[in-house]
Amino acid sequence: MMRKYNKKEAGLTGLGFIFILLILAFFVALGLKLVPVYLEYYNVTTSLQSLVKEDSSELSSSQDIKALLNKRLGINDVTSVSDQNIAIEKAGDNTLVTVEYEVRKNFLGNVDIVVTFKDSVELAGS
């Protein structure tokens, strides 16, 4: 006596495959928009950190600090930061330099991605 097994094929359907491709395409598009933004933020933080290594006599005024920081941001091709995003506060002998800015990128249709950044560094003896 031969038994017949009721085998049902299991696997990914065409609709399931398209759904997975759509999810994958969504995250690839998201990554393509966000990776340049975070690379630019890395350039902002390295430019800020480089101010700490500068001789304090070269950074005697707020204008000198802004000019040097803007020069370094320009060299690193940072376009999202302007003078309005740079705050310089004196506290005794130390100076706190803060860069706070927002990047808005169009994602899909009328949906935007908004990323905000804030980083600061304390300069001793400026």
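Here, each number is a calculation from the coordinates, and none is a lab measurement. The shown structure was predicted, so the numbers you read here are calculated from the model rather than taken from an experiment. Positions of Cβ are generated from backbone atoms using ideal geometry, with glycine treated the same way; all protein chains shown enter the neighbour counts.
Taking the Cα centre of the chain as the origin and placing charges on Cβ (Lys, Arg +1; Asp, Glu -1), which of Val103, Ala87, Ser47 is farthest toward the positive end of the dipole?
Farthest towards the positive pole: Val103.
Taking the Cα centre as origin and putting +1 on Lys and Arg beta-carbons and -1 on Asp and Glu beta-carbons, what dipole magnitude results for the chain, to the nearest 20 debye?
Computed charge dipole of the chain: roughly 1420 debye.
Largest first, please: the extent of the C-alpha atoms of the chain along each principal axis, to the nearest Å.
Projected onto the principal axes, the Cα atoms of the chain cover 98, 34, 24 Å.
Order by neighbour count: Arg104, Arg72, fewest other Cβ atoms within 10 Å first, most last.
Taking fewest neighbouring Cβ atoms as first place, the list is Arg104, Arg72.
In which sequence would Glu102, Glu40, Glu54 go, from the one with the fewest C-beta neighbours within 10 Å to the one with the most?
Glu102, Glu54, Glu40
Based on other C-beta atoms within 10 Å, arrange Ile113, Ile65, Ile18 from fewest to most.
Ascending number of Cβ neighbours within 10 Å: Ile18, Ile113, Ile65.
Within segment 1-101, how many Lys pairs that are eight or more residues apart, or on different chains, come under 26 Å at the alpha-carbon?
Close lysine pairs found across segment 1-101: 6.
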